[in-house]
Structure formats: structure tokens, C-alpha cells
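Quick one: this structure, given as C-alpha cells, is what I'll be asking you about.
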Amino acid sequence: IGSVESRIICISSPLNRQGKFYELYHQAMSGGPGSDNMLAIQAPTWEVNPTIPSSYYRQKYHADPAVFMTEHGAQFSDRVRGWIERENDLQACIDSTHRPQERGTPRFPHAMGIDIGLVGDGTAVFITRVEGDKIVLVYHEHWVAGMDWKETNPHLGSHYPCPYARTLPNVERLDFDEIANWIDALCHRFYIVNGLFDRWNGIPLEQSLHKKGLIQFASEFFTRDLSSRIYQNTKLMMLDRKLILYDYPLGEQGKRSPFIQELLTLQAEQMSKNVVIVKAPEQEGFHDDMSDAFVRSVWLSTQRLTNSKQTAGVGGVVTTASLARYHIQRARQHGIFTERQVPRGPRGVGGRPLLGRTR
């Protein structure tokens, strides 16, 4: 009866402003050459399916506004945005009376996250512990070659922890043996049951620690997927107000402490629906040493929280199964993991415990 024609229908939730789907959308909406035979419809979920109650949308929006606008609002997202979209979410986890502790409770398990940087970037150590159903930041310390220890650690007062710390302003490159001695000294003050750091330049440190009998420390090769899961795990704990942090000391006119400032400057690059790369802005003066160490410590504490047989919660006792189910539901709600991408602990974290010498 007439010329044979065919049509291709592309239906999808938007994500980044790139890829074939975005190119077709932009071509159809721009009205330029080649768009005469194209039809594009951009409509949010509440217009396509008006039967969904408004309470559902309020819940999804407050869970994560950025994900809500792509999943339900039909809006393409910016590829790079702030990792923490709302400062109030982080503020809700800060206890104004909480302070770093010089020494941990004897025999009370702690986890240590480490980020190693010898030149340019610094080496950061963060220690957390589980209290009930929350993860508490107990202590952190930051060494940077060429900078005074007091400048990078204003929250720890004016007492140098070791003779090497006094020499940091005159050091061009941090020494692995001194870092190992530093961690060993912290293990005398806190009962560290597991520690985690990057294998990229951490093999010498791992060997030094194991020679000291600290075999609970392990290096891990942080793939893009694993790093994304570790950061998003911390974000989920933050959104659920399961973290207890300190913002100390405050600067002039209530300026944030260096650690909190660093968290607020992190950028998130959305690689896919379930993979996000989090790092410092690529500008001079921005770093992510402390953030990397912090989220690794939270990751280890989360594994301990979910793997314990019974964890005391606010409303009673929460079992391992219910905690695991809770995290899966939260992950699905935020669009961070698929069903087959539920976070699993790295080597020596989620499985057989790594125990070192006790003191």
C-alpha cells in the first residue's frame, strides 16, 4: 500500500549526559537536522503513573535527591557532583560533645583504616568502633611530609606522639618503617582487630607490620567497583545516621575542622548506575587522604556490625540476618547496588577473622 517504514522505540530512565540514549534525546529535542522523523517524550513518573501516592515520592526524595531526579523525575544528571549533596546529612552525624580519644577501652575491638601517601599526599590513620547499632569515630591522625604535625592534627593538641613526628617539616618523603612504628604504637593504645590499606604502595608496609606480629593488617587492591562500594557504604550509614563523628576543633567563625571540610569537598563521578568514583577535586590544595582512610575504617566496622551474631540496637536485639537484609534494602532504595552487587568484605574482613598479637 505504501513504502515500508520501521520505527525504533527507546525507553529508559536517564543517567549521565552522554551515551547513545542521550545523543538521540538531544537530537530529537534540539529540532535540528535529522530530527524531523523523531519524537521524544520526557515525563516524570508521577505523570506516567498517577496512581502512585505522593508519600512514596517524599520518601524517595529525602532518601537521595540526586537519585530521585533521575529515577523518578526524568532528569539527566550531571556526571560530576558533590559526594555529599546536603551538608545537613553530615551534620546529623556530628556530636558536638564528642572528642577524639587518646586511648581505647581495653579489649574493646577497633578497626583501622589507612591511606598511604609518601610525597605530596599524606598518610592518614582513622580508628572506629561499633557501639550498639552505630559506628563511632574514635581517633584519627594525619602525617604529611614537609608539614608540621601540629598543623595537620590540630585536634590532638600540642604533644608530639613520637620523635619522628617532630621532623616532619624537614622530611621530603615519609619513611615506611616509621609509619609501621606509628601504627604499632597506636596498637598499644587501641585494641585493633583489623586494618585495611591500599596495595598500590602498601606491600612494604604490610611486610613491616607482619614482621612486628601485626598480621591483622591487610592490603587490598581497590578496584573501581570495590572503592565505590566502600564509599557508598559510608554514605548509606551517614544517611541513616548510623555514624557518630566529631568536628573538632572548629576554626574562626565556626569554620569546619580539616577532616569535615575534606568530606564536604569530595566529588562523585557517576560511571554507571551502581558505580561512583569519589575523589578530591583536581585542583591544588584539595586532598582525599583522610576520607579514604575514614571510609575504609567504616567499611571494616560495618562488616563487624553485620557479621556479629547479635548486635544491641535501640529497640532491642538485631540479628545478623535482619541487618544484612536492612543493608540490601537500603542499597536498592538508593540505587547503589544491584541484587548481585551486595557489599562483601575484602580479604580478611568479611570472612575468617585476622587476629594479631594481643597486649
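Hydrophobic (A, V, I, L, M, F, W, C), modelled with pLDDT under 85, open to solvent by less than 50 Å² (accessible area, probe 1.4 Å) and closer than 26 Å to residue 106 by Cα, is that true of residue 349?
So residue 349 fits the description; yes.
Would you mind telling me which numbered condition in (1) within 30 Å of residue 240 (Cα to Cα); (2) among the aliphatic types (A, V, I, L, M); (3) without any contact (Cβ under 8 Å) to a residue 60 or more places away in the chain residue 63 fails?
Tallying (1) within 30 Å of residue 240 (Cα to Cα); (2) among the aliphatic types (A, V, I, L, M); (3) without any contact (Cβ under 8 Å) to a residue 60 or more places away in the chain, residue 63 fails exactly one: (3).
Just checking, how many residues over the range 235-259 are more than 14 Å from residue 85 (Cα to Cα) and touching a residue at least 12 places away in the same chain (Cβ under 8 Å)?
14
Condition check: open to solvent by 40 Å² or more (accessible area, probe 1.4 Å), more than 16 Å from residue 299 (Cα to Cα) and free of Cβ contacts under 8 Å to residues at least 40 places away in the same chain. Does residue 212 satisfy that?
Taking the combined requirement at face value, the residue satisfies it.
If you don't mind, another one. Could you please give the count of residues in the range 38-70 that are surrounded by fewer than 13 Cβ atoms within 10 Å (Cβ to Cβ) and either of a type in the set (Phe, Trp, Tyr) or not in a loop (DSSP other than H, G, I, E, B) (or both)?
9
Here is a follow-up. Name the single residue, out of those in the range 241-267 being charged (D, E, K, R) and either open to solvent by 40 Å² or more (accessible area, probe 1.4 Å) or closer than 13 Å to residue 99 by Cα (or both), that is modelled with the lowest pLDDT.
In this case the residue turns out to be 252.
So which residues in the range 98-120 are modelled with pLDDT of 95 or more and of a type in the set (A, V, I, L, M, F, W, C)?
Within the range 98-120, 111, 112, 114 meet the criteria.
Those residues that are part of a helix (DSSP H, G or I) and open to solvent by 20 Å² or more (accessible area, probe 1.4 Å), I need them from the range 268-295; list them, please.
Residue satisfying the conditions is 292 alone.
State whether the residues of the range 215-227 include one that is part of a helix (DSSP H, G or I), under 23 Å from the mean Cα position of the chain (by Cα) and buried (at least 19 other Cβ atoms within 10 Å of the Cβ).
So far as the range 215-227 goes, yes, one or more of its residues are part of a helix (DSSP H, G or I), under 23 Å from the mean Cα position of the chain (by Cα) and buried (at least 19 other Cβ atoms within 10 Å of the Cβ).
For a quick check of your reading: which strands (runs of 3 or more DSSP E) sit entirely within the range 75-184 and have at least 3 residues that are open to solvent by less than 40 Å² (accessible area, probe 1.4 Å), touching a strand residue (DSSP E or B) at 6+ places or on another chain (Cβ under 6 Å) and not aliphatic (A, V, I, L, M)?
In the range 75-184, the matching strands (runs of 3 or more DSSP E) lie at 110-115, 123-131, 134-143.
The values are calculated or read from the model by the stated rules, or taken from the named source; none is laboratory data. Quick caveat: nothing in here was measured; it's all calculated off a predicted structure. Cβ sites come from the backbone with ideal geometry, for glycine too, and all protein chains shown count toward neighbours. Side chains included, ligands, DNA and RNA excluded: accessible areas come from the protein's heavy atoms. Shrake-Rupley method; radii C 1.70, N 1.55, O 1.52, S 1.80 Å.
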